[in-house]
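Okay, so here's the structure we're looking at.
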Amino acid sequence: MDLMTAHYFKAANAQKPLAFDKTKPFEPQRAAIEEAYIKLLKMPERQTSVPFEIEYEKQDNEEYDEIRFRMETEPGFYVPAHLLLPKRREVGKKLPVVICLQGHSTGMHISLGRPIYQNDEKTIAGDRDFALQAVRRGYAAIAMEQRGLGELKTGVPDGQGCHQMAMQALMVGHTLLGERVHDVRCLVENLGQFEELDTGRVGIMGNSGGGTTSYHAAGVISGITAVLTSCAFNRYDASILSMYHCACNYIPGILNYMEMPDLAVLIAPRPLLIVSGREDTIFPLEAAKRGFATVEEIYEAAGAPQNCRMIVGEGGHRFYAKDAWPIFEEMI
């Protein structure tokens, strides 16, 4: 290990004042972690109302109807999204919702299963067409763009897509992850604008960067009722800190207070499904298992040990639809 990495690991391995302790009362720990986390995440100012602007509606697909809309999540800044409604739906019956977040890719069209750019088909082949998977199972599915990707990518040359925006966000007092969480919050808190949707049953899912946003958003947004995070859950010290990762994964100062698994105290007792790949080299399985042990302690303390699950796919950094969906559907 080089000198600088060793230096940061020393700091990361120091005792964390907000690390979950199963011997202490649950609620005071939850409140303390929430207070610190909100400050560290540095989200934009909360919006009391975010009207959805419908851009078009289409009914030409045999499996679903589609509504393209956008949200003004900050003054003058719009986030695009697509709502898919299954054709075979009961009139007047509200549908449970699954918010589908793509990871680091060319955009939300991956979640819709629509290749546009070179190598998109290969990306989709890793079970990443989440919105199609959800709508085919009878859910309303929402694919929304994440900042730094797709239609919201920067025009500045940037090999990873997110690096420049992550640095820009820091310059104005935000984190890019916090901005992404804020956009999800705007979506969830305003879903009632679509009369077809059951706002009391709102799942969120994503792989890699989409899984990161899903997990971190659920700690802030109480309206999310079930969470699936794939190839994104780990310990910060074993993944984000110890190897190269995209800049959108970083929350400045968080290791002074807590580890990634400790954030599950903000999700419990709501259902949480963690998906890992046995051969995932950037979110190592053994560290994910150690992190999940903390999650199990948290859910035990919250009185809902049955509501957290972990599954391991026999492969690398991708989604595992056949393994994950049967369990996630039980949770939604």
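The values are calculated or read from the model by the stated rules, or taken from the named source; none is laboratory data. This structure is a prediction, so every number in the text was calculated from the model and none was measured. Please note: Cβ atoms are built from the backbone with ideal geometry, for glycine as well, and neighbour counts cover all protein chains shown.
Filter segment 58-79 down to the residues that are polar (S, T, N, Q) and in contact with an Asp or Glu (Cβ under 6 Å, 6 or more places away or on another chain), then identify the one that is surrounded by the most Cβ atoms within 10 Å (Cβ to Cβ). That would be THR73.
Residues checked against (1) assigned to a loop (DSSP other than H, G, I, E, B); (2) surrounded by fewer than 24 Cβ atoms within 10 Å (Cβ to Cβ); (3) out of contact with any strand residue (DSSP E or B) (no Cβ under 9 Å at 6 or more places or on another chain):
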{"position": "ALA81", "(1), (2), (3)": "no, yes, no"}
{"position": "LEU84", "(1), (2), (3)": "no, no, no"}
{"position": "ARG88", "(1), (2), (3)": "yes, yes, yes"}
{"position": "VAL91", "(1), (2), (3)": "yes, yes, yes"}
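The single residue among TYR244, TYR215 that is part of a helix (DSSP H, G or I) and aromatic (Phe, Trp, Tyr) turns out to be TYR215.
Every listed requirement among (1) assigned to a loop (DSSP other than H, G, I, E, B); (2) over 17 Å from SER230 (Cα atoms); (3) in contact with a Phe, Trp or Tyr (Cβ under 7 Å, 6 or more places away or on another chain); (4) at pLDDT 95 or above is met by ASP127 save one, (2). The listed residues are GLY138, GLY192, GLY200, GLY155, and the only one of them that is surrounded by fewer than 20 Cβ atoms within 10 Å (Cβ to Cβ), free of Cβ contacts under 8 Å to residues at least 60 places away in the same chain and part of a strand (DSSP E or B) turns out to be GLY200. For segment 179-189, the criterion of being part of a loop (DSSP other than H, G, I, E, B) and either without any contact (Cβ under 8 Å) to a residue 12 or more places away in the chain or not aromatic (Phe, Trp, Tyr) (or both) is met by at least one residue.
Restricting GLU55, GLU34 to residues that are within 19 Å of GLY178 (Cα to Cα), surrounded by fewer than 18 Cβ atoms within 10 Å (Cβ to Cβ) and under 26 Å from the mean Cα position of the chain (by Cα) narrows the list to GLU34.
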